[in-house]
Each structure stands twice: as C-alpha cells, then as structure tokens.
RNA sequence: GCGGGUGUAGCUCAAUGGCAGAGCGCUACACUGUGGAUGUAGUUGUUGUGGGUUCGAGCCCCAUCACCCGCCCCA
C-alpha cells in the first residue's frame, strides 16, 4: 500500500509498466520495420527546442495554447517539442547542399502537447514521423500511403478493419473556386467540412450559413461535392495516385473521400488519414499529406515533401480493443535456474554462467526457496524451462531440466544442459 | 478554456443515512525435491482530500484534487 503522500504523476502522462512498455516497443518496432522495408533512414531531433522554431510555421493554437514552455535556469524559454516538422526543416536547411536527395527519413519519439487528456489523447505521447523530401509526384505520395498500409497490415489490421482515406487540396480548391467560394474563405470552409461528421445535418447547414462565408446555393453545391465519391476521376494527380497504389499492392486499403481536409495549413496536395472502421475511437490513427515550401521560413532552397505522423495512443487503444496486442511474455529469458538450498546456491550460480557462455539467456532465482515457490515464479514470469540442482544431481554431476510447457523433465550430464535446453527451445517452433 | 460523469481492498465492483463487503489476486498449508488444477485457512481499507448537515455520512451539501467522456485542437 502506497503511503498517503504518494506523489501523483503529471496530468496527461502515462507510466509504462513492463506490459505497457512492451506495447510501446512493439509499435516502435512495427513502425521501424515498415519504414525500413521502403528504405527509410532513422533520425531524430532534440526534444527541447526554442519557442521561436515553432512560432514561424506551426499553427497559432499549437504554439500559444498547446506547447509546454518553461524557462531554463538561465531564464531562456524552452519548449518541449509539440511536433517534429520544424526541427526537420531546420536540420535539412542546415545541410541541404550535402544531403543525398530524395531524402527518406523516419523517427519515433516523444512529444508533448498541453491539452485536455481524453480518449486517444494524452499530454505526453510517442509519435512515428516519416517523410520523403525532394520529390513532388503522386507516385511519391503513393509510397507514403503504402508505408502506412504496410504498417496497418503488420499490426493485424486488414482493409476490412482500417482504411486510409485520401483527398487532394488542389482538387478541393478547384471545386471551391467553381462554386464561387472566395480563396480567403477556403480555410474556414475546410473547417466546416472537418466538423460536419460531428454535427447533425440540419445543425451543420445552419452553422455553415451562420458563418456568412457561404451562400445557400454554395452550400448545396458544397454538399454535392462532398457526396461525390467519384470526384477523384477529374483529378489527374489522384488518378495517377490510385494507379500507383494499385501497382504497390495496397489499393484495398485506400479510398477517396472528399470530406478529408486536415486542419494543418501547410498541406498543399494529397492529404490522407487512416481510421479504424469500427469507429470506437473517432480520431485518425495516422494522418499526413504533401506540403510545399517546408524550408521557406528557415532559409533553405524550396523543397517539397510528403509524410505522415502516427501517435501511439489511438493505435494502442484500437489494437487493445480488437484483441490484437501481442502476447505479453514477462520474462525476457526462457530459462529459470533454481537455487535448491544454501549449500547449492553457488553451484546453481555457476550453472547460469555456463549457460550464458553457451548463449542461453537465463534468470537465476536470487536466493534459496521452496521449489514450489520457484516453479510458481517461473510460471508467472512465463518462463518455460526450469533447471534443478538438488543433492542428487550435485552428487552425480547432473542437472534436471523441466519443460513447463508439457510437464516433462529429464536429468542430464551437466555438460549437456545447454544442448538439452537449446533443443527444447528449437522444438517449440 | 467550456460542458457532463466517476472516485470504496493490489484489480473489478457491491453496500435504504444505521457493524465497510464479494469475486479475483496474494500468503500459508494439504504436497518438507516441482508450476499451471482443486480444497482449507489467512490477508487487504484514513470509502481521493478538506469542510458542513445529522444522534449517526461510503451515501446528503459545499469546496478541492485526480481520472473518464465530449467541445476546441490534433497524432
């Protein structure tokens, strides 16, 4: 029982007990595998940055409302990074001439945002970022979408459970123009579209007209556009994108959806978001798109890119709800060496050294105890092989090896223990 | 920042304003050289915190903190 003065965790942070840590590492590893399958390099940036870095490019809300900012001991303001893209821009600009483009980079690390914690959102989270820079084509966009699909597949989410919805900013801008919506109102109209799924149809109509940026007839036209799932056929970019997705073998995962807008300002072409189709979490699993002028504010040459980000929270909830979490095995070793009693303690310890020298990872029970207790510990830790050196084995220079999986045991010469164990481990397939 | 909900044993949850409980877990034993099954016994609390009402508060009132759900924003 913890004392009454237990110090609480910081709001919106999570503690990672071994079980949660295993999930975090699992997501990290699956992200790494998907990225590496496409030839992306791993990189990272500082977790601490100056607020100035974000002031230029990130949205006002992100900087002013949602960043953790504090003064260091010298009085300078420091920000816990709320996103990675500005750091990416700076690092690329600094070495633009000597980097080998196209650049394919990925990263998995912690980020902080000061917002209200709720389902799918915490203040401290881990995010997978992956970008291709220096290429501006629908085929490049398709590659990033294919990476996202590869990841979804690898964690057990088939197209029947998760879909990547795609749209194109330029296509929508053209549609807005055709409806006579003023360019300066595009952003607000996009906001309307973003909000539509969360409101009742009539309420949304009223809300849209209330804003005064759209007429009744424009609203009708907009609804036509948003309901037209064949609209992509009139976009040369999207036609090429879908052909490329087919060639990359991930077509099943992707659907055109004119309702996908994405709030971030810097997207200029293809945009996409992946959702769990059961809808228990109404947030995107991942989201991204194409952006231009990444380096405009940090003094680099013009550079176009495409990328996406995935937080660990939403995907973690979805995998857990669907029973897709990998089985948690508490112990990293498959072997427990028991300590029979005080007199045989070091005898067992020397066995652990012999096994490790033979490349078998082993856990030793740390002190003598009843064998029942030690076996129970092995069971709880998911350890499948237990060795015993009691007085009989010690006298005969032997070791008993028990396989808890099938409850069989054999007693072998000490020199044969490693081989016996290796054989059991291999036979598990 | 705004709105709603919930806080009781390690966990999941009960308890008309009247003795704070169950299941799971944990420990021991049955089985003094063997886990996962079973049985028996044992173990667990400042009912989030601080005030108030009352003869009496887990329950009612106020405040506060934490968490959850939604809005905003977004991974």
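Read-outs: derived from the displayed coordinates by stated rules, not from any lab. Note that the structure is predicted; figures quoted are calculated from it, not measured. All Cβ positions, even for glycine, are placed from backbone atoms using ideal geometry, and neighbour counts span all protein chains on display.
If each residue's Cβ is checked for other Cβ atoms within 10 Å, how do A:81, A:73 rank with the fewest at the top?
A:73, A:81
Compute the long axis of helix A:236-247 from its Cα atoms, compare it with the longest principal axis of the Cα atoms of chain A, and write down the angle in degrees, 0 to 90, nearest 10.
It works out to around 20 degrees.
The stretch A:336-378 to the stretch A:40-55: how many Å between their Cα centroids?
46 Å
Grab the eigenvalues of the alpha-carbon gyration tensor for the stretch A:244-313, scale each by 5, take roots, and send me the semi-axes largest first in whole angstrom.
For the stretch A:244-313, the semi-axes come out at 25, 16, 11 Å.
What's the ranking of A:278-289, A:412-423, A:304-315 by average number of surrounding C-beta atoms within 10 Å, highest first?
Descending mean neighbour count gives A:304-315, A:278-289, A:412-423.
Any idea what the relative contact order of chain A is, in percent, if you count C-alpha pairs under 8 Å spaced at least 6 apart?
Over chain A, the number comes to 15 percent.
Per the Kirkwood formula on distinct C-alpha pairs, the Rh of the stretch A:153-226 is how many angstrom?
With all distinct Cα pairs of the stretch A:153-226 included, I get 13.8 Å.
So if R0 is 25 Å, what FRET efficiency would residue A:29 and residue A:161 give, r being the distance between their Cβ atoms, rounded to the nearest 0.05?
Efficiency, rounded to the nearest 0.05: 0.75.
On a 0 to 90 degree scale, rounded to 10, what angle separates helix A:312-321 from the longest Cα axis of chain A?
70 degrees
Highest GNM mean-square fluctuation, chain A, Cα pairs closer than 10 Å: which of A:329, A:337, A:193?
For chain A, modelled as a Gaussian network with Cα springs under 10 Å, the answer is A:337.
Can you work out the base-10 log of I(q)/I(0) for the stretch A:18-321 at q = 0.10, 0.12, 0.16 1/Å, using the Debye formula on its C-alpha atoms alone?
Computed log10 I(q)/I(0) values: -0.58, -0.85, -1.49.
Run the quick spin-label model on residue A:48 and residue A:216: label points 7 Å from Cα toward the beta carbon, then report their separation in nm to one decimal.
6.0 nm
Name the most mobile residue of A:224, A:153, A:36, meaning the one with the largest mean-square fluctuation, in a Gaussian network model of chain A with Cα contacts below 10 Å.
A:224
Helix-derived [θ] at 222 nm for chain A: sum -39500 (n - 2.57) over DSSP H runs of at least 4, divide by residue count, nearest 500?
-11500 deg cm²/dmol
Within the stretch A:155-185, find all residues whose amide N lies under 13 Å from a label point positioned 7 Å from the Cα of residue A:252 along Cα-to-beta-carbon.
Within reach of a label on residue A:252, which here means backbone N under 13 Å from a point 7 Å along Cα→Cβ, the stretch A:155-185 contributes A:156-163.
Fewest to most neighbouring Cβ within 10 Å: what's the order for A:16, A:275, A:38?
A:16, A:38, A:275
Most mobile of A:410, A:268, A:333 per a Gaussian network model of chain A (Cα springs, under 10 Å)?
A:410
Could you please rank A:213, A:383, placing first whichever residue has the fewest other Cβ atoms within 10 Å of its Cβ?
Going from sparsest to densest Cβ surroundings: A:213, A:383.
Between the helical axis of A:216-226 and the dominant principal axis of chain A, each derived from Cα atoms, what acute angle in degrees is found, rounded to the nearest 10?
40 degrees
What whole-number value in cubic angstrom gives the convex hull volume per residue for the C-alpha atoms of the stretch A:266-412?
Taking the convex hull of the Cα positions in the stretch A:266-412, it is 210 Å³ per residue.
Tell me, what is the Rg over Rh of the stretch A:335-427, with Rh the Kirkwood radius over Cα pairs?
0.91
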